Amino acid sequence: MSATTPGELTTPGLGGGLRDLRQSGFLLKLLVRKELKVRYRGSVLGLLWSYVKPGVQFIVFYVALGVFLGLERSPRNPEGLSNYAVYLFSGIVLINFFSEALGNAARSIVNNGNLIKKIYLPRELFPVASVWVSGVHFFPQLVVLVAGCLIAGWHPDVFQLLAAVAGFVIVGLLATGLGLLFGAANVYFRDSENLVDMLLMVATWASPVMYAWTMVQEKLGAAAFAVYQANPVTIGVELFHYAFWFPTTDGSAAVPPNLFSLWTPVGLGVALLVLVLGQLTFRRLEGRFAQEL
Amino acid sequence: MVNAIEVSDISKQFVLRHTRSIKEAVVWLAKGRKGDLSEKFHALKNVSVEVKTGETVALLGLNGSGKSTLLKHISGVMLPDSGTVRTRGRVAGLIEVGAGFHPDLSGRDNVFLNGAILGMTEQQVNDRFDDIVEFSEIGQFIDTEVKFYSSGMYLRLAFSVAVHTDPEVFLIDEILAVGDEPFQRKCISKIQELAQNGKTLVVVSHDLDLVSRICARGILLEHGVVKFDGSIHDAVALLRS
Ligand SMILES: Nc1ncnc2c1ncn2[C@@H]1O[C@H](COP(=O)(O)OP(=O)(O)O)[C@@H](O)[C@H]1O
Ligand SMILES: [Mg+2]
């Protein structure tokens, strides 16, 4: 709600979009806290579980994929990736963050329909709060990842740490933009949630999470590879590899060409473009949220 | 006196049948757009209302006449198809008590959350917290999860948060039947106190005796059209006849 002085007449219901969230910081904080409280309610172990689950996931990857499937580099498999578990997990935590953020943001408007159709408030709050909550849930996974990295002999420099921040920001912006878009679309077409699920499945495989980017480059031509590379999630994953996995290796692995000079700005640009488009669509559609919900 | 609310010639149409999936919409397109997916009716038609600061207005009418829809336009929850709505100062809709309450949170957490939803700042909630709890008569149960409250307790706390938001314009939709007899009287005297303090009130209630006591002016809606706008006694008499 806007803090207008009683002196002027204003038109109610016309929000300023994401800009309004600056005045709603308190409410945003409470919405995020509510989600976290409700999620961990009644379970003292709640927070502990959020560390145990990714920890077990990490060990399973290491054993099943690295040892059994032999994807780990070894004398018998010189083509493999060294520290495959770290490679895999650093991509997976980012994809997990993206999936949870986008999935929850896309559902957030419909889920809060009861409130939205009764009280006017900046509706962007709900997708943004969803992304924020996912950011909080990302933290335990990051801790497990860092622990795994340290065991594997991680020694990052400042630039590599900045790369991780950049990857996280790019993916977070993209999830917010898509979350606004699908959150609004979901009000009109409830089955657009299925589109989101499909998109998330594709996102996991359209980025070098399970495999190495070099395999893609071999199969695709230069043009197709450029398209592959323009995906902000791909760039985020590659930045995470560079930050977490690369410093645990002997440094002989190839970093995607122009990752910093070209692709990082491109990823940021695409993510910001999606955010702007998401916000514009959201604002076009939000006037009818209350009656459609 | 200046106007607190200016509703100028607004109309609002709703569709009767909502398409709710992409699949349905595609099937409809594929079949050559047979059948109207968007049959419409007017929920509000050329409604104009001006309310001066400090006025107490009752919105009257049968079920489905558009009272809630009009309040939602004043609060900004809905936007009109045509015409304009303008308001002065902060508008708080007590459209439904407890919208935004979460059953798994404690009463205390819900006071903060609901206060923020209704537009209070952190400072304001902190300052008014004790008053809110005192007015609600919740006492030591404030730290209990709201799902363990009786419906009366729940409503009392929610109403208490709402009246403590201190906006310039209050919109009240059928929530005066809150709680038990004594608490209801307390709510009504609180609302009368707000009116005396110069707050603008727009009240929807089916209790005609009650609105006659609280409001000076009555607006009668019928099928989305303003049928009468005048003193509360004439409006009530018209509705009763
Ligand atoms: N979101 C909506 N979509 C379609 N029809 C609606 C919607 N909201 C209200 N209506 C219809 O509009 C009419 C007026 O509703 P309402 O304003 O709630 O009436 P009242 O509050 O006077 O009982 C009713 O016929 C109701 O069914
Ligand atoms: Mg109603």
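Of note:
- Residues within region B:72-95 that are within 15 Å of ligand 1 (Cβ to nearest atom), surrounded by fewer than 24 Cβ atoms within 10 Å (Cβ to Cβ), more than 11 Å from A:Gly13 (Cα to Cα) and not charged (D, E, K, R), tallied: 1
- Of all residues making up region B:86-108, the number that are more than 18 Å from A:Ala129 (Cβ to Cβ) and either more than 7 Å from every other protein chain (Cβ to nearest Cβ) or not β-branched (Val, Ile, Thr) (or both): 14
- Filter pass, B:Leu221 being surrounded by 23 or more Cβ atoms within 10 Å (Cβ to Cβ) and of a type in the set (A, V, I, L, M): yes
- Note on region A:63-86: among residues that are among the hydroxyl-bearing types (Ser, Thr, Tyr) and under 19 Å from A:Tyr242 (Cα atoms), the one that is surrounded by the most Cβ atoms within 10 Å (Cβ to Cβ) is A:Tyr84.
- Pairs linking a residue in region B:65-94 that is more than 24 Å from B:Gly115 (Cα to Cα) to a residue that is within 12 Å of ligand 2 (Cβ to nearest atom), with Cβ atoms under 6 Å and 6 or more positions apart or on different chains, are B:Ser65/B:Leu221; B:Gly66/B:Ala43; B:Gly66/B:Leu221; B:Lys67/B:Leu59; B:Lys67/B:Gly61; B:Lys67/B:Val204; B:Lys67/B:Leu221.
- Test: residue in region B:119-133 that is farther than 20 Å from A:Lys29 by Cα, out of contact with any strand residue (DSSP E or B) (no Cβ under 8 Å at 6 or more places or on another chain), open to solvent by 10 Å² or more (accessible area, probe 1.4 Å) and touching a residue at least 40 places away in the same chain (Cβ under 8 Å): no
- Candidate set: region A:1-16, residues that are open to solvent by less than 30 Å² (accessible area, probe 1.4 Å) and at pLDDT 80 or above; chosen: the one farthest from the chain's Cα centre (by Cα): A:Pro12
- Unmet requirement for B:Tyr154, which otherwise passes all of (1) touching a residue at least 60 places away in the same chain (Cβ under 8 Å); (2) more than 14 Å from chain A (Cβ to nearest Cβ): (1)
- Looking across A:Arg107, A:Arg123, one residue alone is touching a residue at least 60 places away in the same chain (Cβ under 8 Å), among the basic types (Lys, Arg) and not in a helix (DSSP H, G or I). It is A:Arg123.
- The residues on offer are A:Leu277, A:Leu285, and the sole one that is at pLDDT 90 or above and open to solvent by 70 Å² or more (accessible area, probe 1.4 Å) is A:Leu277.
- When B:Asp229, B:Asp209, B:Asp234 are checked against the criterion of being of a type in the set (Asp, Glu), more than 21 Å from B:Asp109 (Cβ to Cβ) and not in a helix (DSSP H, G or I), a single residue qualifies: B:Asp229.
- Enumeration of residues in region B:180-205 that are open to solvent by less than 10 Å² (accessible area, probe 1.4 Å) and touching a residue at least 60 places away in the same chain (Cβ under 8 Å): B:Thr200, B:Leu201, B:Val202, B:Val203, B:Val204
- Evaluation of B:Ile175 against (1) within 16 Å of ligand 2 (Cβ to nearest atom); (2) in a strand (DSSP E or B) (one fails), failing number: (2)
- B:Val111 within 13 Å of chain A (Cβ to nearest Cβ), within 11 Å of ligand 1 (Cβ to nearest atom), within 25 Å of B:Ile191 (Cα to Cα) and free of Cβ contacts under 8 Å to residues at least 60 places away in the same chain: no
- Cβ pairs under 9 Å, 6+ apart, first in region A:266-288 and within 20 Å of B:Lys72 (Cα to Cα), second hydrophobic (A, V, I, L, M, F, W, C) and open to solvent by 80 Å² or more (accessible area, probe 1.4 Å): A:Gly287/A:Leu14
- Single unsatisfied condition, A:Glu292 versus (1) modelled with pLDDT of 95 or more; (2) within 16 Å of ligand 1 (Cβ to nearest atom): (1)
- Within region B:114-137, the set of residues being more than 16 Å from A:Arg33 (Cβ to Cβ), of a type in the set (Gly, Ala, Ser) and within 12 Å of chain A (Cβ to nearest Cβ) comprises just one member, B:Gly119.
- The residues on offer are B:Glu222, B:Glu193, B:Glu181, and the sole one that is of a type in the set (Asp, Glu) and within 15 Å of ligand 1 (Cβ to nearest atom) is B:Glu222.
- Enumeration of residues in region A:191-210 that are open to solvent by less than 50 Å² (accessible area, probe 1.4 Å) and either away from chain B (no Cβ under 14 Å) or in contact with a strand residue (DSSP E or B) (Cβ under 6 Å, 6 or more places away or on another chain) (or both): A:Leu200, A:Ala203, A:Thr204, A:Ala206, A:Ser207, A:Pro208, A:Val209
The values are calculated or read from the model by the stated rules, or taken from the named source; none is laboratory data. Just so we're clear, the structure is a prediction, and the values are computed from it rather than from any experiment. All Cβ positions, glycine included, derive from the backbone under ideal geometry; neighbour counts span all protein chains shown. The protein model used for the area step is the full one, side chains on, heavy atoms only, and it has no ligands, DNA or RNA in it. Shrake-Rupley method; radii C 1.70, N 1.55, O 1.52, S 1.80 Å.
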